[in-house]
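Student: Input: one structure, supplied below.
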Amino acid sequence: MNTPDSDRELEALRARVAALEAEAGRPPVRRHRLRSFFAALLIVIGCVLAPLGIVAAWTADVIGDTDRYVSTVEPLASDPDIQAAVANRVTGAVMQHIDLQDLLEGVAPEQRPLLAKALGRLGDSLESAVQSFVHDKAEEIVASDAFETVWTDANRAIHTSLVRALTGSGEGAVEIKNDTVTLDLAPVIERVKQRLVESGLTVAEKIPEVHTDFTILKADDIGKVKTGFRLLQLMGFWLPVIAVLLAAAGVLLSAHRRRSLIAAALGFAAAALVLAVGLTVFRTVYLNALPDTVSQAAAESVYDALIRLLRTTIRMVVVLGVVLALAAWLSGPGRSATVVRQLWHSGIRATRQTADRVGLRTGPVGPFVTRHRTWITWILVAAAVVVYVLWSYPTGWVVLGLALALLFALAVTEFLAEDEKEGEDGEKEAEREPV
């Protein structure tokens, strides 16, 4: 027979056992804190490296690849601001080597004195008229299809030589002297001069071969520019991979992986947005630092064209981060996420019931999908990841499209899997009904 004392001892013993079991199942506080610290540290480092990885990938793909660079700047040949700047530059180069007295060579000898006297009276107005004529011809040339070829060939030669100069792999039209990167525009001027002659401006034949050094970059220590360029070019592939691997390691190390995944995804998106703001600020600083002799409108067009792919990558990273964070949140146990999932399943179930009422049947497909539903889901996710990885220069719209396509495929899977489930429920209801 149990006494009150024995009952109290038994209850105390049970409480002690429960407490020991709880302590045994609970990880040490210090170990948990260290694990969380290193997980957060890895995620933060990955987020910090994300903008550098984006810039490195852009450097390798555009700045370090001549074909990609040419395809990027090729549309600028049709840009009105570029055409205006080129026309002004060509007009200035031509007018420096045109002597108004050369116009007398096409006039009969007996009429030359009278014309020379008239030219002397006209003075600056004649020079302005000739300059206007040259400028009109230059505008006609830069607006023609032939200029696109000149522009593309010139940029290909310029970029090839610039990469050689920065990497030290050879010599070309671009040279680095006294902390200044200069470009010899002689090939470009020669091509333009030929086009002017073909257009009827025969006086351009007397223009000699002109070697003009155009300053591209001037810095206190151009060696650092070369080193940084080479480093970014080498890290173009590995730096983004390292950033992603660090963030993934932090997520796996964390005790709350879902929350860590959401934080890492949003952290990458935020880091990309910071880079976008930095590009906008640098654009203003860069344009304000240009000399007055440079066309601001043309410089804006060139800058925007060069970083267009960089901005596209930034938007892609932002969209990808938001999509991953949203997917991780929707798959979690939160109340709002649970409500959203319930609405999702309810909508698909209602659609399935409507299809059943109108006589639509999936046959053996429904039971097959139900049995292998988990495998089908993972295959669809893996297929979306593979398409994204293999896609050449994915954009934010590509990421959004893949996410919507995967969502639709999962909805179809859910729709087909509901077939057998509802069939089994119908059979059970039929069995429960009285005969």
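Student: Residues Ala430, Ala409: which one is hydrophobic (A, V, I, L, M, F, W, C), modelled with pLDDT under 85 and in a helix (DSSP H, G or I)? First the steps, then the outcome.
Tutor: Numbers: Ala409 fails: modelled with pLDDT under 85.
Of Ala430, Ala409, the one residue that is hydrophobic (A, V, I, L, M, F, W, C), modelled with pLDDT under 85 and in a helix (DSSP H, G or I) is Ala430.
One line per residue, one yes/no per condition, for (1) surrounded by 15 or more Cβ atoms within 10 Å (Cβ to Cβ); (2) touching a residue at least 24 places away in the same chain (Cβ under 8 Å):
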| residue | (1), (2) |
| --- | --- |
| Ala247 | yes, yes |
| Arg258 | yes, yes |
| Leu273 | yes, yes |
| Val277 | no, no |
| Thr284 | no, no |
| Gln296 | no, no |
| Tyr303 | yes, no |
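Student: Residue check, Gly223 against (1) modelled with pLDDT under 80; (2) under 20 Å from the mean Cα position of the chain (by Cα), all met but one. Which one?
Tutor: (2)
Student: Of Leu253, Leu306, which residue is among the hydrophobic types (A, V, I, L, M, F, W, C) and at pLDDT 85 or above? Please lay out each step first, then the result.
Tutor: On the way: Leu306 fails: at pLDDT 85 or above.
Only one candidate passes the filter, namely Leu253.
Student: A follow-up question, please. Return the residue satisfying two criteria in turn: it lies in region 327-351 and is exposed (fewer than 15 other Cβ atoms within 10 Å of the Cβ) and in contact with a Leu (Cβ under 8 Å, 6 or more places away or on another chain), and of such residues it is modelled with the lowest pLDDT.
Tutor: Step by step, filter region 327-351, then rank; the result is Arg341.
Student: Here is a further query. Please go through region 356-400 and give me each residue that is assigned to a loop (DSSP other than H, G, I, E, B), surrounded by 12 or more Cβ atoms within 10 Å (Cβ to Cβ) and not aromatic (Phe, Trp, Tyr), ordered by number. Outline the logic, then answer.
Tutor: Going through region 356-400, the residues assigned to a loop (DSSP other than H, G, I, E, B) turn out to be 358-364, 372, 391-395.
Those still in the list that are surrounded by 12 or more Cβ atoms within 10 Å (Cβ to Cβ) too: 362, 372, 391, 393-395.
If the condition is that a residue be assigned to a loop (DSSP other than H, G, I, E, B), surrounded by 12 or more Cβ atoms within 10 Å (Cβ to Cβ) and not aromatic (Phe, Trp, Tyr), then Thr362, His372, Pro394, Thr395 are the ones that fit.
Student: Oh, and also: Test each condition in (1) open to solvent by 50 Å² or more (accessible area, probe 1.4 Å); (2) among the aliphatic types (A, V, I, L, M); (3) at pLDDT below 90 for Leu324 and report the one that comes out false.
Tutor: (3)
The values are calculated or read from the model by the stated rules, or taken from the named source; none is laboratory data. Since the structure is predicted, the reported quantities are computational estimates derived from the model, not experimental observations. Counting neighbours? That spans all protein chains shown, and the Cβs are built from the backbone with ideal geometry, glycine included. Heads up: the accessible areas ignore ligands, DNA and RNA and are worked out on the full protein's heavy atoms, side chains in. Shrake-Rupley method; radii C 1.70, N 1.55, O 1.52, S 1.80 Å.
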